[in-house]
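Some notes on the structure that comes next.
The values are calculated or read from the model by the stated rules, or taken from the named source; none is laboratory data. Predicted model, so just to flag it, every value in this text is computed and none were measured. Here Cβ is always computed from backbone atoms with ideal geometry, including for glycine, and neighbour counts include all displayed protein chains. Areas reflect the complete protein model, heavy atoms only, side chains present, ligands, DNA and RNA absent. Shrake-Rupley method; radii C 1.70, N 1.55, O 1.52, S 1.80 Å.
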Amino acid sequence: MASKSLYVGNLPYDVTEQDLRTLFEEWDPVAETRLIASRGFGFVEVPVEKAADAITAMNGKEYKGRALVVNEARPRSERPSFRDRDGGGGWRPGGSGPPRSGRPGGGGGGGGQRKGRRDRGDRGPRW
């Protein structure tokens, strides 16, 4: 028997896979349940013929004080790896560039607290 995967969102964080299976037992046989409890959602596989009825009946239904979100699960899309993402930022090891000229010892990259700069002299407070 063919089954369809349904997304079930806005679940309480204390829900178990058995709770999820029990919620959808009316559309038996539930082929599989997958729970991502730490994120508050999961997936339920129900027979294709019963999927639309399950969505209609369960979407918006209150469960443990929360309105469930139930719809047809979308296939997982290809996601770029962490390093391939656009948007700048990112992690840069070490300092912030080549040594600067004019500093004793050639200078360094940067980062950390500068030594010997505690006294602001006659310039007053910084702000």
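What the table shows:
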{"quantity": "Qualifying positions in the stretch 1-38 - open to solvent by 80 Å² or more (accessible area, probe 1.4 Å), more than 17 Å from residue 65 (Cα to Cα) and under 23 Å from the mean Cα position of the chain (by Cα)", "calculated": "17, 34, 38"}
{"quantity": "Filtered residues of the stretch 27-48 (kept if out of contact with any helix residue (DSSP H, G or I) (no Cβ under 9 Å at 6 or more places or on another chain) and outside any strand (DSSP E or B))", "calculated": "29, 31, 38, 39, 40, 48"}
{"quantity": "Scope the stretch 54-79; condition in a loop (DSSP other than H, G, I, E, B), open to solvent by 60 Å² or more (accessible area, probe 1.4 Å) and not hydroxyl-bearing (Ser, Thr, Tyr); matching residues", "calculated": "59, 61, 64, 65, 74, 75, 76, 78, 79"}
{"quantity": "Residue under evaluation residue 51, criteria (1) open to solvent by 50 Å² or more (accessible area, probe 1.4 Å); (2) in a helix (DSSP H, G or I), criterion not met", "calculated": "(1)"}
